[in-house]
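Structure first, commentary second.
The values are calculated or read from the model by the stated rules, or taken from the named source; none is laboratory data. Worth saying up front: this structure is predicted, and the values here are computed from it rather than measured. Virtual Cβ from ideal backbone geometry, glycine too; neighbours counted across all protein chains shown. Remember, those area values only see protein heavy atoms, side chains included, never the ligands or the DNA or RNA. Shrake-Rupley method; radii C 1.70, N 1.55, O 1.52, S 1.80 Å.
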Amino acid sequence: MDMRADHSVLSFDYGVLIMKKRVTILGSTGSIGRQTLEVIEQHSEDFEVYGLSAGANTELLLWQADRYKAKRIASAAPLAKGGLISGEDAIEELAADKNADIVVLAISGIAALKPLLAAIKNGKRVAIANKESLVCGGELVAEGLKKSGAELIPIDSEQSALFQCLQNGREDEVKRLILTASGGPFFKLDREALRTVTMERALSHPTWNMGRKITLDSATLFNKGLELIEAARLFNRTAEEIDVLIHPQSIIHSMVEYRDGTVMANLSLPDMRLPILYALSYPKRLQSACRRLRLEETGELSFYPADLERFISLRLAYEALRAGGGCPVVYNGANERAAELYFAKIIGFSDIEDCVAYALEGYANSKMRSYEDIMETDARARRLVDAFVARKG
């Protein structure tokens, strides 16, 4: 047990000193960050806020800091506030702060990689809700975990489901991982119909309430492609050991098949507070305020195969995972750039897949030996997308 004097003493429970866990949330103003604060507030006897960080939404960040009595806050923008770290490396510095027990990584995109490596280097438990950092920096992350003994606990509902299901057997007993996907709003549309999809429809997810980038990725299924590569990194699996199944109701969050034929599944109503709480409290399970699943009220649960000819984003993810090297970095970087162009109304919905395919085809694969290699490859992927769009006019 961590007995540092700067932790808040809660109570004595049968002679055992109970200590609150101090939590830093990187990306506290986003959807996951806000829900994490809600979970901490509901379990104030177990957790307290130590640090908060945000990108652009500094007004909300300052409000959160006051509301939750954060000891330190970080922002790239200069602000007059006690305990504030500002500047280019502010969030990385906060991630490395040794006074926090748990770092929740809720930053979007590849920008989360550097803070992730900093938190791991200092032996933290990292509750990770960012898939891009693992997709792009998987080898660096694995090396850092081995050296420091840090913990990596997934928050994404699908990865959390796999993590929980994997507690039921040994690693060598696992036959395959089964990632479920809602399919987004368009999984039954043919490819021609996708060309007329409006942004309003693309940003209207049938199940989850998320930020616009992840909502778009769920509509294109690039989110599931990233999760496929992420699962391979997290659980040391090959592309052949991971399947994707379309499950529109989002009740079964993922499954694990063992070699004896047993399939373990994680079920609940869609609510990100559940995997957040589990990542904070693991290996314990705490009482949750979330609505309980009643299968008799749920009705039919349906499943569809993920057709790789229909879902080009998934096919490209499998190809990038098998190729290794910098291909997963290109897959992510090209998708991030294509999403930016889509939101700027420069390209259409179905053009996103074409951009990523072009970038992967035009990339000469090489090993990612350093953080600098990753960032150079990410920049190369974005330039390839720009070149493709310029060529198409």
Checklist line | All aspartates and glutamates inside 18 Å of residue 392 as judged from Cα atoms, apart from same-chain residues fewer than 8 positions distant | finding: 340, 351, 353, 354, 361
Check: How do 131-137, 155-161 rank on mean C-beta neighbours within 10 Å, highest first?
Finding: 131-137, 155-161
Next item on the list: Using Cα pairs closer than 8 Å and at least 6 residues apart in sequence, work out the relative contact order for the stretch 249-307, in percent.
Entry: 29 percent
Next item on the list: Count neighbours as other Cβ atoms within 10 Å of each site's Cβ, and list the trypsin sites (Lys or Arg not before Pro) in the stretch 176-241 that are DSSP loop with at most 15 such neighbours.
Entry: 188, 195
Check: Packing-wise, with mean Cβ within 10 Å as the measure, how do 266-277, 98-109, 380-391 rank, highest first?
Finding: 98-109, 266-277, 380-391
Checklist line | 18 Å cut-off, amide nitrogen to a point 7 angstrom out along residue 346 Cα→Cβ, residues in the stretch 375-389 | finding: 378-389
Notebook entry, point to check: Can you give the Kirkwood hydrodynamic radius for the chain, in Å, rounded to one decimal and based on Cα pairs?
Noted result: 21.7 Å
Next item on the list: Would you mind getting the accessible area per residue of the chain, heavy atoms of the protein chains only, 1.4 Å probe, in Å²?
Entry: 45 Å²
Note to self: At a 10 angstrom cut-off on C-beta neighbours, averaged per residue, how do the peptides 368-379, 293-304 rank from highest to lowest?
What the structure shows: 368-379, 293-304
Next item on the list: Round to a whole angstrom and tell me the spacing of the C-alpha centers of the stretch 322-357 and the stretch 30-107.
Entry: 30 Å
Next item on the list: Find the centroid of the Cα atoms in the stretch 253-299 and in the stretch 115-158, then give the distance between the two in whole Å.
Entry: 22 Å
Notebook entry, point to check: Size of the dipole of the stretch 150-284 about the Cα centre, Lys and Arg at +1 and Asp and Glu at -1 on the beta carbon, nothing else charged, in debye to 20?
Noted result: 360 debye
Check: How high is the relative contact order of the chain, in percent, counting Cα pairs under 8 Å that sit 6 or more residues apart?
Finding: 13 percent
Margin query: Can you tell me the orientation of helix 222-235 relative to the chain, as the angle in degrees between its alpha-carbon axis and the longest Cα principal axis, to the nearest 10?
Written below: 50 degrees
Next item on the list: Report relative contact order for the stretch 45-193 in percent, whole number only (criteria: Cα-Cα under 8 Å, sequence separation at least 6).
Entry: 14 percent
Notebook entry, point to check: In degrees between 0 and 90, to the nearest 10, how far off the longest principal axis of the chain does helix 31-42 point, with axes built from Cα atoms?
Noted result: 30 degrees
Note to self: When only alpha-carbon atoms are used, what values of Rg and Dmax, in angstrom, describe the stretch 227-292?
What the structure shows: 13.8, 38
Next item on the list: Quick one: Debye curve from the alpha-carbon atoms of the stretch 160-224 only, equal weights, vacuum; give me log10 I(q)/I(0) at q = 0.15, 0.20, 0.27 Å⁻¹ to two decimals.
Entry: -0.59, -0.79, -1.16
Notebook entry, point to check: Angle between the Cα long axis of helix 371-392 and the longest principal axis of the chain, 0 to 90 degrees, nearest 10?
Noted result: 40 degrees
